[in-house]
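**Q** This structure is in structure tokens; I'll ask about it shortly.
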Amino acid sequence: MKPDFNKMSKDELRQYVISHQDDKEAFYIYADRLKSHPSTKVYCNSLSPQEIDQVITRHLEQQNLTNG
């Protein structure tokens, strides 16, 4: 009997997909979940070193706020 993928966290589902690579249903649900909550930001390649530093600093500050 398969687990309820909708009740699994993203990390739990990821681990399930890794350990059950033949389960296409789980893979597609995981892929859909990733698409619905993109976490990757793309920046132009013309940023100066100072701008890159600012982007990294803001990202770290946001993570600290999120993680408590």
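The values are calculated or read from the model by the stated rules, or taken from the named source; none is laboratory data. Source: prediction; values computed, not measured. Cβ coordinates were reconstructed from backbone atoms using ideal geometry, including for glycine residues, and neighbour counts include every protein chain displayed. Please note that ligands, DNA and RNA were not included when accessible areas were found on the heavy atoms of the full protein model with its side chains. Shrake-Rupley method; radii C 1.70, N 1.55, O 1.52, S 1.80 Å.
**Q** Every residue in segment 28-47 that is assigned to a helix (DSSP H, G or I), surrounded by 12 or more Cβ atoms within 10 Å (Cβ to Cβ) and not charged (D, E, K, R), please.
**A** Listed by number, the residues that qualify are 28, 29, 30, 34.
**Q** May I ask you to say which residue of 51, 25 is at negative phi, acidic (Asp, Glu), open to solvent by 90 Å² or more (accessible area, probe 1.4 Å) and outside any loop (DSSP other than H, G, I, E, B)?
**A** 25
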